[in-house]
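Novice: Here it is: the structure, laid out below.
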Amino acid sequence: MSDFSEELIRSKTEDDQEESCVLSGTGMYFPWLQKHIDTVETGGKKEKDFAQTTSACLNRIQEALLKHQWPQAAGYMHSYFQILEDSDSHKRQAAPEIIWKLGSEILFYHPKSNMETFNTFADRMKNMGVMNYLKISLQHALYLLHHGMLEDANRNLSRAETWRYGEKSSSQEVLINLVQAYKGLLQYYTWSKKKMELSNLDEDDYAYNTASQTMLNHSWKTSVNLGALIQTPGVWDPFVKSYVEMLEFYGDQDGAREVLTNYAYDEKFPSNPNAHVYLYNFLKREKAPREKLISVLKILYQIVPSHKLMLEFHRLLRKSEKKDHHKLGLEVLFGVLDFAGCTKNITAWKYLAKYLRQTLMGNHLAWVQEEWNSRKTWWPSFHFSSFWAKSDWKEDKALACEKALVAGILLGKGCRYFRYICKQDHPVLRKKIRRIRKSVKKHSIVNPGL
């Protein structure tokens, strides 16, 4: 890292003589370090405080990283290397990983860094403590992938895949599986490219058979590399998606369903909304029964009530013949609009406006009141203030009309939002506003008369 740039290395000038400074063995100038490296008062005497020096240096590196001051951070790293000589064995053992994380971050963004510098640094760090080899190899491969060097990344992963060090290898089984899985992703990438080529070939063409065989070979290698990882508890979204795509391509629907079901429902795996999304989309492609689709989305609703699939969930519930599903359909719409990111979702407001009327016409006033009671203290200011009425009317008149209908039903004719929209004289929307008035007069849960 000492070759980063000339700006990190300079000699002490006459002006520098006036201030206390430290000049490292590499000629690097650190005026700030003198007060830390020089001394600490102990029994009236000054002694070098190694721990204080490295701690101060680490703080400086972190501060430089936060400010994206990559050259300064690189300079401080020179001094931080002394942590490798710390008398504290615990700190000494932890040092290589810290140096790797800091150094790789600096090298990734440093304006004068290059691929050769990063590769050299990574190769040296891999062999600095056996427990770091796999982790650094994996991160090095990701760096190469980021720069489009797929073959180099694959070679890097292949070397890491065969890494063994006595009994140490068993304690890093998950990392080995992860290395193999990333290698599997590279094979999936090749398989996917062949799949695209195959779609453009005639089935009777010799090239079709060759490409098909190549795809089969890659899919077998990929399944071997991905299989072990996705059975290990964790969040493995890209690996699961790739594996399932290949299983589906070769007609193994049962295998794909089993993988996705385990990924979504196995209690050993952490809660993961995407797992339920993948299962739902798969079942939808299979044209599974509505009840099955509802059961999957019901769990997703409990995890992420504002998910974009919730409107689709509402439609499924609305089509169901079960009364409890109809009730849940209303709850889902209110749940979506509880979130700030959904306040401008005109589809959600359209659905709610329509479903409120249907629910009230079906004599289920209690359902509406149950949802509204927990929201009547904060929804008026969150959705239905004068500010939002003016803003919505200016930005999206269709949205404003849908919200005005909902506001009128829930808050009655006295609602500021409803009053403001109904006062607008718009030639195109005049009839629509008139219908909103009539609908509120008929269905408002606050005051049936307007």
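The values are calculated or read from the model by the stated rules, or taken from the named source; none is laboratory data. Source: prediction; values computed, not measured. In case anyone asks, the SASA skips ligands and DNA or RNA and just uses the protein heavy atoms, side chains included. Shrake-Rupley method; radii C 1.70, N 1.55, O 1.52, S 1.80 Å.
Novice: Rounded to two decimals, what is the ratio between the C-alpha radius of gyration of segment 119-201 and 2.2 N^0.38 Å? Walk me through the numbers on the way to the answer.
Specialist: Working: Rg = 14.6 Å, N = 83, 2.2 N^0.38 = 11.8 Å.
Expressed relative to 2.2 N^0.38 Å, the Cα Rg reads 1.24.
Novice: For segment 94-104, what does the Karplus curve 6.51 cos²θ - 1.76 cosθ + 1.60, with θ = phi - 60°, yield as ³J(HN,Hα) per residue in whole Hz, taken in order and with x for Gly and Pro?
Specialist: 7, 4, x, 5, 5, 4, 5, 5, 5, x, 5
Novice: Once you wrap a convex hull around the alpha carbon atoms of segment 221-316, what is its projected area averaged over all directions, in nm²?
Specialist: Values: hull surface 24.2 nm².
So the mean shadow area of the Cα hull is 6.0 nm².
Novice: Work out, in µm²/s and without decimals, the Stokes-Einstein translational diffusion coefficient of segment 74-123 at 25 °C, 0.890 mPa s, Rh from Kirkwood over C-alpha pairs.
Specialist: Numbers: Rh = 11.6 Å.
This corresponds to a translational diffusion coefficient of 211 µm²/s.
Novice: For segment 276-429, give the percent of accessible area contributed by carbon and sulfur heavy atoms, probe 1.4 Å, rounded to a whole number.
Specialist: Carbon and sulfur: 52 percent of the exposed surface of segment 276-429.
Novice: Quantify, in whole percent, the carbon and sulfur part of the accessible surface of segment 107-169 (1.4 Å probe; protein heavy atoms only). Numbers along the way, then the final one.
Specialist: Numbers: 1760 of 3510 Å².
Roughly 50 percent, rounded to a whole number.
Novice: Tell me the Rg and the Dmax, in Å, that the Cα atoms of segment 343-450 produce.
Specialist: Expressed in Å, the Cα Rg and Dmax of segment 343-450 come to 12.8, 38.
Novice: Based on alpha-carbon positions alone, could you give the equivalent ellipsoid semi-axes of segment 398-437 from the gyration tensor, as √(5λ), descending, whole Å? Intermediate values should be presented prior to the final figure.
Specialist: On the way: eigenvalues 51, 18, 13 Å².
Ellipsoid semi-axes (Å, largest first): 16, 9, 8.
Novice: Give the span of segment 281-359's Cα atoms along each principal axis, as three whole-Å numbers ordered largest to smallest.
Specialist: Here the spans come out as 33, 26, 18 Å, largest first.
Novice: Taking square-rooted eigenvalues a ≥ b ≥ c of the alpha carbon gyration tensor, is segment 101-167 rounded, prolate or oblate, where a/c under 1.5 means rounded and, failing that, a/b exceeding b/c means prolate? Show your work: numbers first, answer last.
Specialist: On the way: a/c = 2.61, a/b = 1.42, b/c = 1.83.
In terms of gyration-tensor shape, oblate.
Novice: So for segment 51-173, Kirkwood radius off the Cα pairs, Stokes-Einstein at 37 °C and 0.692 mPa s: how many µm² s⁻¹?
Specialist: In µm²/s, the coefficient is 213.
Novice: Going through the cross-link list 241/350; 126/268; 194/268; 390/441; 292/327; 308/413, which pairs have a Cα-Cα distance over 29 Å in this structure? Don't skip to the end; give the middle numbers.
Specialist: Working: 241/350 34 Å; 126/268 32 Å; 194/268 35 Å; 390/441 23 Å; 292/327 18 Å; 308/413 32 Å.
Going by Cα-Cα distance, 241/350; 126/268; 194/268; 308/413 fall outside the 29 Å limit.
Novice: Any idea of the accessible area per residue across segment 313-430, 1.4 Å probe, to the nearest Å²? If you can, show how the numbers build up before the last one.
Specialist: On the way: 5710 Å² over 118 residues.
Roughly 48 Å² per residue, with all protein chains present.
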